[in-house]
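Engineer: Once you've had a glance at the structure underneath, I'll fire off some questions.
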Amino acid sequence: MTQTFDPEAVRAFEHARWERAAPVFDASFATATGQFVEPLLDAAHVRQGTCVLDVACGSGVATAEAAQGGAIPTGVDFSAAMLAQARAAHPGIAFLHGDAESLPCADAAFDAVVSNFGVHHVPRPALALAQAFRVLAPGGRIAVSFWAAPEQNIAWKLLLDAVKRHGDAKDTGAPPPGGGFGSVQQILDALRDAGFGALRAQLERRVWRHANGASLVAALRTGTARMAAQIEAQSPAALRAIVAEIDANAAAWRDAEGLALPIVAVIASGSKP
């Protein structure tokens, strides 16, 4: 039976997952996502004195980096557990509890809005982009990041290929997602529809290091939402086979220190007229 899209089911699923991931996020998946913060802030022209809102800030990695560069950041997230981590790690920064689809911020309050791998987790990304447009001052900039296709992200491809071969790729218990961006054109169209101009998209390539396949699977299992649900849906025997296949197929990216896995993100940006 085909499930229908339910924004509240998506929100509840994402909320529960990020609440659980919060205590270990910095040591797990943030070691991948954090590598793209610098180009994200650059794309939004975040500089010293820039008043910037970090939407879906999570544990505050991008918010903190903006502060270190002299900006005046505010983070916002719907997960109280993530905000607790952010406030404990960065006590001098303002963090707000709120939803990306209904930001608790005044109109035209910020010079820049950024979201590091956050907008595609929102049930209705178009609403989040419309909210970003609302809280930006005229001339303000937005920059958002999301993952490029699995074919370019070897870390994801290794897992997904192994799950298809040895496990169940469909029975995850996750509700159908509301959106996301499957291509550069989709994010540019979404930004244009929200009112942004001077649009630009760039690919950023990094390397995510792991000791072995088990380390990769553990990071994805503890620090993500939908991927974690997919991993947890596998039987113990299937999971052992999945990890073994990842190790076998990752030989091309193994060096003396372990696995050096290519990861690729799209950073899309624009400005409010």
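None of the figures in this text is laboratory data; all of them are computed from the coordinates on show. The model shown is predicted, which means the values in this text are computed figures rather than measured ones. Methodologically, a virtual Cβ is constructed for each residue, glycine included, from the backbone with ideal geometry; neighbour enumeration extends over all protein chains shown.
Engineer: What's the local net charge at Arg254, with K and R +1, D and E -1, over the other residues with C-beta under 15 Å away?
Structural biologist: Its environment carries a net charge of -3.
Engineer: Could I ask something else about it? Computed FRET efficiency, Cβ-Cβ of Ala109 and Ala12, R0 35 Å: what is it to the nearest 0.05?
Structural biologist: Rounded to the nearest 0.05, the efficiency is 0.75.
Engineer: Any aspartates and glutamates with Cα under 16 Å of the Lys170 Cα? List them, leaving off those in the same chain fewer than 8 positions away.
Structural biologist: Here the aspartates and glutamates satisfying the reach criterion relative to Lys170 are Asp161, Glu232.
Engineer: Want the number for Glu232 to Arg206: 0.36 nm per residue separation, take away the alpha-carbon distance, what's left?
Structural biologist: Result: 6.7 nm gained on full extension.
Engineer: Based on other C-beta atoms within 10 Å, arrange Cys57, Cys51 from fewest to most.
Structural biologist: Cys51, Cys57
Engineer: Follow-up question, since we're still on this one. Below 14 Å, Cα to Cα, which aspartates and glutamates can Lys272 reach? Residues fewer than 8 away in the same chain don't count.
Structural biologist: Candidates past the 8-residue exclusion: Asp107, Asp111, Asp193.
Engineer: 7 Å from Cα along Cα→Cβ at both Val184 and Glu151: what's the point-to-point distance in nm?
Structural biologist: Taking the two extended label points, one gets 1.4 nm.
Engineer: Still on this structure, please answer the following. Just want the ordering: Val55, Val207, Val24, from fewest to most Cβ atoms lying within 10 Å of their own Cβ.
Structural biologist: Starting with the residue having the fewest Cβ neighbours, the order is Val207, Val24, Val55.
Engineer: Suppose the chain between Ala89 and Ala248 were pulled fully straight at 0.36 nm per residue; how much longer would it get relative to their current alpha carbon spacing?
Structural biologist: Between Ala89 and Ala248, full extension yields 53.4 nm more.
Engineer: Give the label of the value calculated from the structure for Cα Rg over 2.2 N^0.38 Å, choosing from (i) 1.09; (ii) 0.99; (iii) 0.93.
Structural biologist: This structure yields the entry labelled (ii).
Engineer: How high is the relative contact order of the chain? Use alpha-carbon pairs under 8 Å, at least six apart in sequence, and give a whole percent.
Structural biologist: Worked out over the chain, it gives 24 percent.
Engineer: Quick check: pseudo-label points 7 Å beyond the Cα along Cα→Cβ at Phe5 and Gln48, how many nm apart are they?
Structural biologist: Between Phe5 and Gln48, the simple spin-label model gives 4.5 nm.
Engineer: Tell me, what is the FRET efficiency for Ala256 and Ala126 to the nearest 0.05, using R0 = 51 angstrom and their Cβ-Cβ distance as r?
Structural biologist: 0.65
Engineer: How many percent of all Cα-Cα pairs in segment 50-164 sit more than 21 Å apart?
Structural biologist: The calculated P(r) of segment 50-164 puts 39 percent of pairs beyond 21 Å.
Engineer: For Ser183, Ser269, which order do you get if you count the other beta carbons within 10 Å of each Cβ and list the fewest first?
Structural biologist: Sorted ascending by nearby Cβ count, the order is Ser183, Ser269.
Engineer: Can you check what the net charge comes to around His15, using other residues whose Cβ is under 13 Å from the Cβ of His15 (Lys, Arg +1; Asp, Glu -1)?
Structural biologist: After counting each charged neighbour, the total is -3.
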